[in-house]
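Read the structure below first, then the notes.
The values are calculated or read from the model by the stated rules, or taken from the named source; none is laboratory data. The shown structure was predicted, so the numbers you read here are calculated from the model rather than taken from an experiment. Every residue, glycine among them, receives a Cβ derived from its backbone with ideal geometry; neighbour counts consider all protein chains shown. Remember, those area values only see protein heavy atoms, side chains included, never the ligands or the DNA or RNA. Shrake-Rupley method; radii C 1.70, N 1.55, O 1.52, S 1.80 Å.
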Amino acid sequence: MTTPTGASVLPDRERILPAGLRPGAELLAEGREQAGRTLLGSCPFLTANGVVCEHDFKRRMAADGRIMQHAQIGFRSLERTVTAAREVHARAGERGARVDRYGICLDWTMGLPVGERRAVPAGTGLVLDDLDQFYAISHAAPVAPHFGDFVLGFPAALENTRAALAAGSTAIGNLGQYFAFRLPGRDDDRAATEATVIALGLIAATPAPILVHSNLDDGFAALFTDLACSLGAVLLEQHAIEHLIGARLAHCYGHHFSDPVRRAAFQIALSRVTNAPGTMVYGNTTAYRGTPSENFASLASYLVVDLAGQRRFATGHAINPVPVTENERIPEIAEIVEAQCFAHRLAERTADLAPLIDLSAAVRLADGIVAGGERFRDNVLAGLSAIGIDTTDPAQLLAALRRLGGRRLEAAFGPGPAPDAGNPLPRQPLVRSSIVDEIAEMAATHLERCDAPTRAAIARAAPLVLSATTDIHEHGKMLLDTVLARLGVRVHDAGVTVTPDELAELASATMPDAIAVSTYNGIALDFLSALNAALEERGLSIPVMIGGRLNQVPPGSNTSLPVDVGSELSGLGAHVCRSIEDSYSVLAGLGLEKRSGSIARSGQSKE
């Protein structure tokens, strides 16, 4: 067990809190003042259902025993997004399926103030720069508009929140991203924290109950190895948002909850500790590894669990049938409709199966998750207080959690015992998260595909590889790091959401034999170009392996859709790794380069 506080392993207070951070009370007062100048608008969803907010609608649906459905729309064009919202609602409705709410995939540049967005390369999401654009989405169909990604949690939190409220949106997020996401090249903890607390003060002072959406899979739950810590993150967010600020918090989870028992257990645990209805249970997208027809099995498997959980422990979460093409590309409108109709029919066909579904194992697991989560929350609050963090000040509390990060928090305050020797986990989990098992299973599969001569060559070379991601999506990196370590590679963790300059500077300090970059958010080409320039500026010639989602929106594109840039990345000298197996020959070759002295070193002659 950890000590009651775990404070001895934490940095000093001055190194945790951003310099000059304003007091939370002052920021909340500014938010309340903003509420007096921000009117909550209406939208077709609110008027059609005779409610003032989605919170009230969710309460009504849960009381009636009706399970809601959420659709996610991922187009980069505003016109196409509006068309999709209208057509998905209409075409699914014609077939008896009711879409109650929809979310849109907003671009990371939305986290920046409007005036700063054009100065940075956009990703693959939609950018909304003015109220008319928010309004166009919220009024596209009588469906609850969910403005999630990159609205709260970043320097533009206040202007984004005001626009969303004025457009009639009453579920706004994504608080989870505040804790784990960093804007490439714009990592400003103070600006993100102050803007977010002001926006939360505005939300709390709005007369109707507005749901502060937090996707745990975009926050600490994506980093924790223990589901007890994931629930503890819920309790810490509750302390900040509900107890200190007075707003209503609504959680989402599901991306990485692949084990059915643990998925159900987490929902049961949430039902015991939360007050507001949840937003949605997201689809288990990590299970989509096959063809579309094969992915229907994965779609059905997680929906059955979510339907059973909502029928037994109604939390107001909408189910989210993710189209089966999600692992290949952005789903088309017809594919979104098919997924919604599939979920509707599955709900009908499984309604009579409740007596056959025994949730007792999940209930027992939930007991441990709740008890461990409460210990984690108490440990964190005590530990922060011990080093001088005012845990009654929402700005200080949120900033401290953000800066410490999930890995350090779990290692210092997790409820499980210390790990065994050689165990890479920060602590032995009370209830192991699914992603730990998935990574171990996938790593074993990838290792089987490395032949004996190649494995021996890599082990002889024992190269040092600097591993980083361009964004928060780090599970690919975790998998790669696990495989490399088991092959005898020395892996230096450069972190997530690393800028090209930061990575080059770390390369200058550590002098790796290679750099491995995992990317996802549509900036592969720009990132590599900037990294090459930063390395050259420091006199470094280091092989770069790049993998992940190797795409980018071309300048002047008429479609706004990202295209594959693998050949361009190769043209810039990178080793393009579309799979982990593609890295094996590169790693094996590093041994030959070492012996021939062909790897350049900063400030050194080639040996």
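Just to be sure before I move on: is GLY96 assigned to a loop (DSSP other than H, G, I, E, B) and either in contact with a Cys (Cβ under 7 Å, 6 or more places away or on another chain) or small (Gly, Ala, Ser) (or both) in the structure I sent? Here the answer is yes, as GLY96 does meet what is asked.
Consider the stretch 404-429. How many of its residues are under 18 Å from LEU231 (Cα atoms) and either in contact with a His (Cβ under 8 Å, 6 or more places away or on another chain) or modelled with pLDDT of 80 or more (or both)? Counting residues in the stretch 404-429 that are under 18 Å from LEU231 (Cα atoms) and either in contact with a His (Cβ under 8 Å, 6 or more places away or on another chain) or modelled with pLDDT of 80 or more (or both) gives 17. Taking into account only those residues within the stretch 279-301 that are out of contact with any Phe, Trp or Tyr (no Cβ under 8 Å at 6 or more places or on another chain) and open to solvent by less than 20 Å² (accessible area, probe 1.4 Å), which is farthest from HIS146 (Cα to Cα)? So the residue we want is TYR288. With respect to (1) open to solvent by less than 20 Å² (accessible area, probe 1.4 Å); (2) more than 20 Å from ARG549 (Cβ to Cβ); (3) touching a Gly at 6+ places or on another chain (Cβ under 7 Å); (4) touching a residue at least 60 places away in the same chain (Cβ under 8 Å), the lone exception for ALA156 is condition (4).
Output yes when any residue across the stretch 114-125 is surrounded by 23 or more Cβ atoms within 10 Å (Cβ to Cβ) and at pLDDT below 95, and no when none is. Yes, the stretch 114-125 contains a residue that is surrounded by 23 or more Cβ atoms within 10 Å (Cβ to Cβ) and at pLDDT below 95. Of VAL324, VAL370, all but one fail to be in contact (Cβ under 8 Å) with a residue 40 or more places away in the chain and open to solvent by less than 50 Å² (accessible area, probe 1.4 Å); the exception is VAL370.
Only one of the listed residues (ARG311, ARG262, ARG272) is in contact (Cβ under 8 Å) with a residue 40 or more places away in the chain, charged (D, E, K, R), part of a helix (DSSP H, G or I) and surrounded by 19 or more Cβ atoms within 10 Å (Cβ to Cβ). That residue is ARG262. Scanning the stretch 486-527 for residues that are aliphatic (A, V, I, L, M) and free of Cβ contacts under 8 Å to residues at least 40 places away in the same chain yields VAL491, ALA494, VAL498, LEU503, ALA504, ALA509. Please determine, by comparing only the residues of the stretch 247-279 that are closer than 17 Å to GLY232 by Cβ and of a type in the set (Val, Ile, Thr), which one is modelled with the lowest pLDDT. Restricting to residues being closer than 17 Å to GLY232 by Cβ and of a type in the set (Val, Ile, Thr), the top hit is THR274. The residue that is modelled with the lowest pLDDT, among those in the stretch 45-66 that are out of contact with any helix residue (DSSP H, G or I) (no Cβ under 6 Å at 6 or more places or on another chain) and not in a helix (DSSP H, G or I), is GLY65.
For the stretch 49-71, does any single residue satisfy the condition of being on the phi > 0 side of the Ramachandran plot and open to solvent by 50 Å² or more (accessible area, probe 1.4 Å)? Yes; the residues of the stretch 49-71 include at least one that is on the phi > 0 side of the Ramachandran plot and open to solvent by 50 Å² or more (accessible area, probe 1.4 Å). Within the stretch 163-180, the set of residues being closer than 18 Å to TRP108 by Cα and touching a helix residue (DSSP H, G or I) at 6+ places or on another chain (Cβ under 7 Å) comprises ALA163, ALA164, ILE172, ASN174, LEU175, GLY176, GLN177, TYR178, PHE179, ALA180. May I ask you to list the residues in the stretch 11-44 that are within 30 Å of ALA411 (Cα to Cα), in a loop (DSSP other than H, G, I, E, B) and modelled with pLDDT of 90 or more? Selection gives LEU17, PRO18, ALA19, GLY20, LEU21, ARG22, PRO23.
Taken together, the residues in the stretch 403-417 that are out of contact with any Gly (no Cβ under 7 Å at 6 or more places or on another chain), in a helix (DSSP H, G or I) and not aliphatic (A, V, I, L, M) amount to 6.
Conditions (1) open to solvent by less than 30 Å² (accessible area, probe 1.4 Å); (2) touching a residue at least 24 places away in the same chain (Cβ under 8 Å); (3) more than 23 Å from the chain's Cα centre (by Cα), marked per residue:
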| residue | (1), (2), (3) |
| --- | --- |
| ILE357 | no, yes, yes |
| VAL363 | no, yes, yes |
| ASN379 | yes, yes, yes |
| ALA382 | no, yes, yes |
| GLY388 | no, yes, yes |
| ALA399 | yes, yes, no |
| ARG403 | no, yes, no |
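The criterion of being among the β-branched types (Val, Ile, Thr), open to solvent by less than 10 Å² (accessible area, probe 1.4 Å), touching a Pro at 6+ places or on another chain (Cβ under 9 Å) and assigned to a helix (DSSP H, G or I) holds for ILE241.
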